[in-house]
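Here, each number is a calculation from the coordinates, and none is a lab measurement. Bear in mind the structure is a predicted one, so any value in this text is a computation, not a measurement. Cβ placement follows ideal geometry from the backbone for every residue including glycine, while neighbour counts extend to all protein chains displayed.
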Amino acid sequence: MEIIRGLHNLTQQKRGCVATIGNFDGVHSGHQNILMQLKKKAEAAKLQSLVITFEPQPREFFAQQEAPARLTRFRDKAEIIADCGIDKLLVIHFNQSFAKLSADEFVQQILVDKLGVKYLQVGDDFQFGQGRTGNFSTLLESGQKFDFDVENTSTFEIENERVSSTRIRQALESGDMELTRTLLKRPYWMSGHIQHGAKRGRTIG
């Protein structure tokens with residue numbers, strides 16, 4: 001899988017794709033279902049599959065210290081998305097300038113001009129653009145205007161309840177590792193760097 005860091009690294013050769021947009025924190029079973037559908041759509045259309053995500057995540061940008069802890073670090077998230085067979089991962093730097101883009105500007109400048117999206121898959125509760133003024137209906141109208149298809153992903157449920165990153169955090173907080181594993185479709189883990197100390201213990205005794 002190719003990781004594209006920043007819109008400035010997009011080229012004309014990368015235009016034309018089937019895409020989905022989201023944080024994909026945890027890349028849980030619901031996310032994996034979306035990615036599986038996206039891959040099938042890309043293969044049928046003979047186009048590249050593309051996941052659009054953000055660093056930092058929008059909630060982290062706006063809420064900062066109040067934002068919930070991530071379920072996966074970026075590197076782990078990218079590895080899991082790659083394992084799902086996705087061709088490209090576009091990482092958009094979420095900053096003040098990007099946050100000011102209107103919904104129409106987001107569609108025109110990024111989805112149409114930069115990516116040449118042919119098919120877009122999002123949740124029916126998806127919101128975007130400054131003030132979150134854009135929604136699924138906005139995308140449907142834009143799709144008709146710019147000639148790309150838009151499809152909403154059906155809610156993915158386990159035990160009659162929607163799978164979400166919030167639900168997984170709640171399972172982790174309550175110590176329910178069996179439910180966490182079921183929702184993630186894999187054991188929970190998070191990689192990290194070992195912080196070495198001054199190694200003074202070597203001089204003791």
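Before moving on, here are some points about what is shown:
- Taking label points 7 Å from Cα along the Cα-to-Cβ direction, Ile92 and Arg73 give a separation of 2.6 nm.
- Axis of helix 136-146 versus longest Cα principal axis of the chain: the two differ by about 50°, to the nearest ten degrees.
- Mean separation of Cα contacts under 8 Å (6+ apart) over length of region 2-155, as relative contact order %: 30 percent
- Rounded, prolate or oblate (a/c below 1.5 giving rounded, otherwise prolate when a/b exceeds b/c) for the chain by Cα gyration tensor: prolate
- Extreme residue, positive dipole direction of the chain, given options Gln48, Gln108, Val150 (C-beta unit charges): Gln48
- Amide H to amide H distances under 5 Å link Arg73 with Ser191, where only residues 5 or more positions off or on other chains count and H is placed in the peptide plane.
- In order along region 38-49, phi translates into HN-Hα couplings of 5, 4, 4, 5, 5, 5, 5, 8, 6, 10, 7, 8 Hz, rounded to whole numbers, per the Karplus curve 6.51 cos²θ - 1.76 cosθ + 1.60 with θ = phi - 60° and x for Gly and Pro.
- In this simple spin-label model, placing a label point 7 Å from the Cα along the Cα-to-Cβ direction at both Lys185 and Arg5 gives a separation of 2.8 nm.
- Cα gyration tensor shape of region 1-105, rounded if a/c is under 1.5, else prolate or oblate by comparing a/b with b/c: oblate
- Computed FRET value (nearest 0.05) for Glu55 with Glu173, which takes r as the C-beta separation and R₀ as 30 Å: 0.75
- Using the Cβ of Thr72 as centre and a radius below 14 Å, the other residues enclosed give a net charge of +1, where K and R count +1 and D and E count -1.
- When each of the peptides 171-179, 47-55 is scored by how many other beta carbons lie within 10 Å of its residues on average, the order from highest to lowest is 47-55, 171-179.
- Candidate lysines for bridging to Lys114, where Cα separation is under 27 Å - those fewer than 8 sequence places away on the same chain excluded: Lys14, Lys39, Lys40, Lys41, Lys46, Lys77, Lys88, Lys100, Lys145
- Backbone amide hydrogens, once placed in the peptide plane, bring Val150 within less than 5 Å of Leu120, excluding anything fewer than 5 places away on its chain.
- The label-point distance for Glu157 and Ala44, in a model that sets each label 7 Å from Cα toward Cβ, rounds to 2.4 nm.
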